[in-house]
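Please read the structure below before turning to the comments.
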Amino acid sequence: MLHNSARALDMSLHLHSQTDPRRHEQDGPLIISGGDGVYVSDDAGNRYIEGMAGLWTASLGFNDQRLAAAAAVQFAKLANYHTFNHRSNEPCIDLIEQLAAVSPIPDCRIFLANSGSEANDSMIKLAWYYQAARGKPEKRRIISRNGAFHGSTVMGAVLSGLPHMHRSFGMNTDDILFAGKPHFYREGREGESEEAFADRLIAELEAMLLAAGPETIAAMIAEPVMGAGGVIVPPQSYFPKLRALLDRYDILLLADEVVCGFGRTGNWFGSETFGFKPDMFSVAKGLSSGYLPIAAVVVSDTLYQAIADEGHRNGVFGHGFTYSGHPVTSAVAAAALRIYHEMDVAGRARKLGAQMLGALRNALADHPMVGEIRGVGLLAGVELVADRRTKQGFPTEARVGAQVERASRQRGIILRNMGDVLALCPPYIIEPDQIDELVGALFLAIEDTRESLSL
């Protein structure tokens, strides 16, 4: 297909996710036509280091032949089957065995889905089911956090503490309580230590849940590191304090590990990095290195036993998806997990992440447009500001982060801006010299933008 023909078709037919439709009608798409390791190429022949692994997904790069072979073999053997009504398949069983082996929840049970949104929806339904099973059906409300992102389904969007996810959709958030964002740089008070900041967030949350009535609250959902909310790394003591608070009031803690899972924070799971054990957690994205849609919910034995008893009383556990445990997606995910073990994915993330954060700080720590550089493992955020001393941001309408993102492509890299926060989440297969190239190009893109703004 000719470049102009494909571009015109996309502009005239495609309603894109998380995109301004009218702007797309004018600007059109960046059409990615090929991938090679950490690089992707567009249909005009331009090559980029993909510094975001797509959407936090392509942990093993963009053309891993082992994953392609796993899919091809399974397509030829059994291309489709389901897991309803006691059915299963060998790749599905292989996958759940591997997931259970690395789970920070011992004696777990695993529910398979197709996306992070579905997995987070499922965690909420399972929390409600569990509360009903133990005779507490009034525990329905869910605590989320300002700035959180938990998906684009109805429940995922309602849980998300991002205004654009609610605007014009008429979302009913009456049963959702939004706690404070654990972002010390933005939310910490003058003279307040990170430890005192964490204590204050927990005290504010306790006051909120007491006002709402703990007997009405089923669970709290939280990302170990907030991804789409701006790569927010919490104080180290935040989650242990949060876990203790929720235990005191009989409220479940659900970890959204969709971004953090499978080594991204320097451990297999973000909950391990931040020192807490959830009652359930969701995974997706890195589960198959983003090669095929698959997700999972990992459930503690305590919750499972109550859910199983309730399902037995009802005659069936009334939840699931057509493609839960699909044999091809499961085969690819199982292959990805084996590769993660072979490469010591968590150790590699720690080593490469230390280099990336060091390079970012060396290049940008004193830059007049950079307020904070934050990160953990192979995951980082760079927050742009108009005034470093006061932390004043740029006017929203200036779209400075978007300008840097466009300038980055001109410099041969792709990253993602969430407002004026630039996110970096490269594939684990990135090499040290490519990290230096990525950071160097980002520095030049920020300089290009600075020059265009006459700052």
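Worth a mention:
- Additional length obtainable on full extension of the chain from residue 338 to residue 308, 0.36 nm per residue less Cα span: 7.8 nm
- Estimated from helices alone, the mean residue ellipticity of the chain at 222 nm is -13000 deg cm²/dmol (sum of -39500 (n - 2.57) over DSSP H runs with n ≥ 4, per residue).
- Counting neighbouring Cβ atoms within 10 Å and putting the fewest first, the residues 75, 443 line up as 75, 443.
- Extreme residue, positive dipole direction of region 67-343, given options 319, 143, 120 (C-beta unit charges): 319
- Computed FRET value (nearest 0.05) for residue 25 with residue 4, which takes r as the C-beta separation and R₀ as 22 Å: 0.90
- Comparing Cα centroids, region 277-350 and region 131-152 end up 20 angstrom apart.
- Hydrodynamic radius of region 4-132 per Kirkwood, over alpha carbon pairs, in Å: 18.9
- Whole-percent pair-distance distribution, where bins are 5 Å wide, for the alpha carbons of region 373-455: 3, 15, 25, 27, 17, 9, 4, 1
- Summing charges over all other residues whose Cβ lies under 14 Å from the Cβ of residue 265, with Lys and Arg as +1 and Asp and Glu as -1, gives +2.
- [x] 36, 26, 20; [y] 34, 29, 21; [z] 37, 32, 19, with the label sought being that of the calculated semi-axes √(5λ) of the Cα gyration tensor in Å: [y]
- Taking Cβ atoms as reference points and 10 Å as the exclusive limit, the residues near residue 156 contribute a net charge of -3, counting Lys and Arg as +1 and Asp and Glu as -1.
- Extension gain, residue 316 to residue 447: 0.36 nm times the residue separation minus the Cα-Cα distance gives 41.2 nm.
- Shown here for region 118-198: GluC sites (Glu not before Pro) in loop regions (DSSP other than H, G, I, E, B) with at most 15 other Cβ atoms within 10 Å, namely 138, 190, 192.
- Packing-based order for 46-57, 23-34, using average beta carbon neighbours within 10 Å, highest first: 46-57, 23-34
- Selection of trypsin sites (Lys or Arg not before Pro), region 310-396, meeting DSSP coil and at most 14 other Cβ within 10 Å: 388, 389, 391
- Sparsely packed trypsin sites (Lys or Arg not before Pro) within region 155-242, loop by DSSP, other Cβ within 10 Å at most 15: 167, 189
Coordinate-derived values only; no laboratory data. This one's a predicted model, so the numbers in the text were calculated from it and none came from an experiment. Cβ atoms come from the backbone with ideal geometry, glycine included; neighbour counts cover every protein chain shown.
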